[in-house]
1. Answer yes if at least one residue in region A:132-146 is within 22 Å of the chain's Cα centre (by Cα), over 20 Å from B:T259 (Cα atoms) and assigned to a helix (DSSP H, G or I), and no otherwise.
2. Go through region A:212-253 and report how many residues are within 10 Å of chain B (Cβ to nearest Cβ), assigned to a loop (DSSP other than H, G, I, E, B), touching a residue at least 60 places away in the same chain (Cβ under 8 Å) and not small (G, A, S).
3. Quick one: count up the residues across region C:97-136 that are more than 7 Å from chain B (Cβ to nearest Cβ) and within 28 Å of C:D216 (Cα to Cα).
4. Going by what's in this entry, would C:K254 be described as part of a helix (DSSP H, G or I) and of a type in the set (K, R)?
5. Within region C:126-144, identify whether any single residue is touching a strand residue (DSSP E or B) at 6+ places or on another chain (Cβ under 7 Å) and assigned to a loop (DSSP other than H, G, I, E, B), and answer yes or no.
6. Determine which member of the set A:L110, A:L84 is of a type outside the set (S, T, N, Q), free of Cβ contacts under 8 Å to residues at least 60 places away in the same chain and in contact with a helix residue (DSSP H, G or I) (Cβ under 8 Å, 6 or more places away or on another chain).
7. Among what's in region C:110-147 and is under 30 Å from the mean Cα position of the chain (by Cα) and of a type in the set (S, T, Y), pick the residue that is farthest from B:R233 (Cα to Cα).
8. For region C:196-208, name all the residues that are surrounded by 21 or more Cβ atoms within 10 Å (Cβ to Cβ) and either in contact (Cβ under 8 Å) with a residue 40 or more places away in the chain or in a helix (DSSP H, G or I) (or both).
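The values are calculated or read from the model by the stated rules, or taken from the named source; none is laboratory data. Here the structure is a predicted model, which means the values were calculated and not measured. Ideal geometry is used to build each Cβ from the backbone, glycine not excepted, and the neighbour counts take in all protein chains shown.
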Amino acid sequence: MINIKTKIETRDKKRKPLPDWMQKPTFVVGLVIVIMFVFIALFPGALTNQDPLEINVAEALQKPNSHHLFGTDEYGRDIYTRILYGARIDLAMGVFGVLIPLVIGGILGLIAGYYGGLFDTIVMRIIDVLMAFPFTILVIVIMSILGAGIRNVFIALWLVGWMSYTRLVRGEVMKAKNTEYIQAAKVEGFTDKRILLRHLLPNVISSAVVFAASDVVLCMLTGASMSFLGLGVQLPAPEWGAILNEGRSYISYAWWITLFPGLFLAFNGVGFSLLGDSLTDLLRRKGR
Amino acid sequence: MNRLNYIIKRILQIIPVLFVVSILIFFLLRFIGGDPARLILGDKATKSAIKALQIKLGLDQPLITQYWIFLKGIFKLDLGDSLSLQVAVSYLLKQRMPVTIKLTLFSALLAIIFSLPLGYLAGKYKDHVWDHTIRTLTLVFISMPSFWVGLLLMILFGVKLGWFPAGGWDETNLFTQLRSLLLPAITESLALTALLMRDMRNSVADISQMDYVYFAKSKGIKQSAVRKHHIFRNALISYVTLVSINIAYMLGGSVIIETVFALPGIGKLMIDSIFNRDYQVVQSLVLLFAGLVMLVNLITDILYSFLDPRVSY
Amino acid sequence: MEERKKILEVKDLQVYFPLKHEVVKAVDGVSFTIYEGDSFGLVGESGCGKSQTLFSVLKLLKSPGKIVGGQILYKGEDLAPLSEKEMEKVRGKEIAQIFQEPMTALNPVLTIKKQIFEAFVHTKMTNEEKEKQAIELLRLVGIPNPEKRLKEYPHQFSGGMRQRAMIAIALGENPNLLLADEPTTALDVTIQEQILALIEDLKEKLGMSMILVTHDLGVIAEMCNRVAVMYAGKIMETTDTITLFSKPRHPYTKALMSSLPNGSKNKLETIKGTPPNLAKEIIGCPFAPRCKYAIDKCRKECPQMVEIEKNHFTRCHRIDVISKFEGLIPVEEDKNE
């Protein structure tokens, strides 16, 4: 037991604390991945000089080689280049698929939670009915009504996505509504609008933002799934899910068409998940 | 007795929701979807041919009448005929549903088998290497697209190694069925395994620090008894709830998995019907999914009330 | 005077909590002895280490607490190095513990019956015998209608009843030593009296010794025959209760007593300042920053425990000052010494 004591005491003296966010390797790794993702989405041309849409049948279905890092597809298009140019589509699906629901759903949740009453009841009833479906099914059903195409993917994601944020924000608002902090603001005569914007919003938004980080992954994967099923982004656009769908026909011998797009999806998904996960921890610690 | 009343109340609550859903899907499909007759016959069809098909399929009647027929049919379990496949929808559903149910249950089983012990260990050795490994794996599993994993598994174990069929459903006997389902079930269970592991880990980590665990230890009971009656028993509450909620979610994932592995379940049926503009099937499937999910939610609530004696009605 | 039997002897106990960035020295060199039949009180402010001292006896420290030094001699055998399996033989049967908050100390999903039955782990009994014994125990602690109550869950009990139930469970196998961590702090004032009386009664009936941890001097006065006053992980003063209240000999003890309402018109005294951070190295006497009588020596050198009269120990450099302290009750004249 004396050993434990001296071990603990010497370790204690060696430590010098780093700033909170730098200490978490998950946060740093996640951030790096996301930044890389954004860079590729914005400047795919910086990393390749080939054309993602250029057809060259002579070079069709080549294994990965020095000229085509990830091989080629049935039309001779360079997979590596297609993946790079596809990044912006998938990133957009993830980020913008979340952004609108976050804002709209958040506002609805604020109002419903704060004012309650008929508005709240109606909103919650709608959510109850729609939440009877799994997320994917709902999106598919909406796509079946609207038809295929990337525009409809976004509409479907928005129509379904807002509900989680409304529920989340509404719950937080209802909890915060009764705190002394808000009661004090009311007593001081602040207008409702001011209370909502200046006092409630900053406090309830953190959990919504954290949820958004992992929701980005969900939206991105759902959008890719839609394209994979043929309902979403249509070829020849180089969206990663669509490329995967292409690869199905050649699955037994052109495995590279299947491997790489999915790898990128997974990798970037992990990046956002790490970010979201470490944000949860960081915010939890700050709140203490 | 209270519990029985509660269950009945909940079942009754499902009905209006299903009713609203049926209205929504029926009219939305008809309004925004486009004419099925034209879609079946193609662009080159003549007007009269389209009209004839419309009459044959009963599409010329006013929408309200069509809806009424649909509604009546639900109670008689006659959901009309599939526009594209020319068979009764109810037959289709009856034939396809078992596949999806078996897939979902198999996936859930796999997820539970792996997440229970691994999650417990991660929680017990919180913040140690094992815990960090499991938490990282969890993140990775959740972030991977299921169709990609499914395809990879199919390539590796189905095509290259030939251990399992590369898709398709062999109904011959239970063994062949399980063999057809293994790769799909593994694919589908990954995300759930990750979520369950994380939940078990958090529960175990939190509960281990609770006063009642220490009080139990202070009585001198064995560590295994503490584990079983105190830690696990309380961790089960949120764990079981999570399993139930996610079974509903997995029903949604079945659409993708069944497409990848060419399994004849209701998920694949949904996709095929959407492409074929087969509204009869789509609307019935939507109702079916809604009903299944609400049933699962009900079972969740009932299970919860058994697990946690503090719940009142 | 006959030699009293020692039940528990704690020697130089050290309990550390290694956290991510620092090590909290919760208990830093605590020694005391419990004799058969004692009601020994450990009193002090929050964070002084009294609860951690108690938890270490049965090795039930919450993570990441560890015993890093010292001995805990129960009937001569050192408990500190024992494994969990070996501790299982001691817990419940020889030494039992009750907790501060009865709602969190009882498993919410198990019936009271199951939780009492668990206490019988060391004795071979049939289910009928266990049930009979359980009912008897509930009756012993004053729970009405015990047959019905057995089948209920903790949340169906009131706060006072839960505490009684916890006591019943702890006493299931008639232990020799009871460790009580602030058993009445979480209860209504009216219930507090009842529970204290119950504990006193049971102690007599079952012939137990007890360590009672509390921050309330009133509880000490009522229940304990011997006391130790703790501050910053160390014992500042220890003696029998009457002596403590009549002749306190440590500035901290004196300050504690001065802050009690005593019916006079004088303003209540508070102790200025806050307890020291136990994660940082403490040089000198831990109470020096807040002590009215502190001199240079106090800030440089931590005083050792000194026996200033028979069975009365204290740790302070200012012997000249503290010998003049007046207590809350008049001094008993010892005619025969």
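1. No, region A:132-146 contains no residue that is within 22 Å of the chain's Cα centre (by Cα), over 20 Å from B:T259 (Cα atoms) and assigned to a helix (DSSP H, G or I).
2. Of the residues in region A:212-253, 2 are within 10 Å of chain B (Cβ to nearest Cβ), assigned to a loop (DSSP other than H, G, I, E, B), touching a residue at least 60 places away in the same chain (Cβ under 8 Å) and not small (G, A, S).
3. Within region C:97-136, residues that are more than 7 Å from chain B (Cβ to nearest Cβ) and within 28 Å of C:D216 (Cα to Cα) number 4.
4. yes
5. So the first thing to find is which residues in region C:126-144 are touching a strand residue (DSSP E or B) at 6+ places or on another chain (Cβ under 7 Å), and the list is none.
No, that holds for no residue.
6. A:L84
7. Filtering region C:110-147 for residues that are under 30 Å from the mean Cα position of the chain (by Cα) and of a type in the set (S, T, Y), the one farthest from B:R233 (Cα to Cα) comes out as C:T123.
8. Taking region C:196-208 first, the residues surrounded by 21 or more Cβ atoms within 10 Å (Cβ to Cβ) are C:199, C:208.
C:I199 - this is the single residue of region C:196-208 that is surrounded by 21 or more Cβ atoms within 10 Å (Cβ to Cβ) and either in contact (Cβ under 8 Å) with a residue 40 or more places away in the chain or in a helix (DSSP H, G or I) (or both).
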